[in-house]
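Encoded as structure tokens, the structure appears first; notes follow it.
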Amino acid sequence: MAFDAQTATAWITASEAAVKADEARLTSLDAAIGDGDHGANMARGLAAASTNIAERAPSTPGDVLVAAGRGIVAKTGGASGPLYGSAFRRAGKALGDAASVEAPVLGAALEAALTAIKELGGANEGDKTMVDALTPAVAAFQAVAADGGPIAAAAAAAADAAEQGLSATVPLQARKGRASYLGPRSIGHEDPGAASTTLILRALAEVTA
Ligand code: ADP
Ligand code: MG
């Protein structure tokens, strides 16, 4: 199955539903090491992404992701809004004008999203952020794609890797974002942004399965 505008739109819709369903969990993760708004930020951001896609009715998967990113940036507060907004916009631009793309191109777009987040936020792996979920996810996606695997298998591997990356944030001390103000007291909790990244990648696996 190729990744086209319909699948890209379904991804955003499924991400919105997943974040809504887990909004309270994202909020409580952020209440532990931040300010407790991550669930609300993500719910608002993905709702705005869906609205922007519906208004523009983009015909390519690249334009769908750019529309999603613009919707998120326009409506989401917090650190995560600009980070996710840039990530989706950069992923969309990486897809170009193609009507549909296969796994290697989608893998390159996910890598572009990761690069955008790292450039904007300055975080690296180990800093206890969404980068800790997305970095292993991109590597896992690209490994399956390089072997000729379909998008569904690559996305499932990416979601599993993100989940492991999320678990690996628990013993880390935050070095970026609001949680870093807690110093060693940030240890012992999952990073909320790594949790939302895992939900978004699981949604990609669901809609491409
Ligand atoms: P805020 O921290 O402004 O309240 P959110 O609560 O919505 O924003 O998002 C917090 C999440 O954003 C963190 O859990 C972390 O994953 C991510 N984050 C914060 N700062 C950075 C950064 N500089 N680089 C990457 N991710 C970051
Ligand atoms: Mg917060």
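The calculated Kirkwood hydrodynamic radius for region 88-147 is 11.9 Å, given to one decimal from all distinct C-alpha pairs.
Taking the solvent-accessible surface of protein heavy atoms with a 1.4 Å probe, what is the per residue accessible area of the chain in Å²?
Normalised by residue count, the accessible surface of the chain is 41 Å².
A simple rule links phi to the HN-Hα coupling: the Karplus curve 6.51 cos²θ - 1.76 cosθ + 1.60 with θ = phi - 60°, which for region 101-108 gives 10, 9, 4, x, 6, 5, x, 5 Hz, with x for Gly and Pro. Going 7 Å from the Cα of Y181 along its beta-carbon direction, which residues of region 35-51 have the amide nitrogen within less than 19 Å of the resulting point? The answer is 35-42. Using only the Cα atoms of region 49-88, build the gyration tensor, take square roots of its eigenvalues as a ≥ b ≥ c, and label the shape rounded, prolate or oblate: rounded if a/c is under 1.5, else prolate if a/b is larger than b/c, else oblate. Oblate. The alpha carbon centroids of region 83-109 and region 137-182 are separated by 17 Å. In the chain, a dipole from Cβ-located charges (positive for Lys and Arg, negative for Asp and Glu) runs towards its positive end, and of A10, A91, P184 it is P184 whose Cα lies farthest in that direction. Let a ≥ b ≥ c be the square roots of the eigenvalues of the Cα gyration tensor of region 48-150; is it rounded (a/c under 1.5), or, if not, prolate (a/b larger than b/c) or oblate? In terms of gyration-tensor shape, oblate. What's the whole-number percent of alpha carbon pairs in the chain lying beyond 24 angstrom? Counting pairs separated by more than 24 Å, the tail of P(r) holds 33 percent. Each principal axis of the Cα cloud of region 36-106 was taken in turn, and the coordinate range along them, longest first, works out to 38, 25, 15 Å.
Over region 70-209, what percent of the accessible surface lies on carbon and sulfur atoms, probe 1.4 Å?
Answer for region 70-209 is 54 percent, counting heavy atoms of protein chains only.
Principal-axis analysis of the Cα atoms of the chain puts helix 5-21 at an angle of about 30° to the longest axis.
The values are calculated or read from the model by the stated rules, or taken from the named source; none is laboratory data. In this text the structure is predicted, and so the values were computed from the model without any measurement. Every residue, glycine as well, gets a Cβ built from its backbone with ideal geometry; the counts of neighbours run over all protein chains shown. The area values use the complete protein model at the heavy-atom level, side chains included, leaving out ligands, DNA and RNA. Shrake-Rupley method; radii C 1.70, N 1.55, O 1.52, S 1.80 Å.
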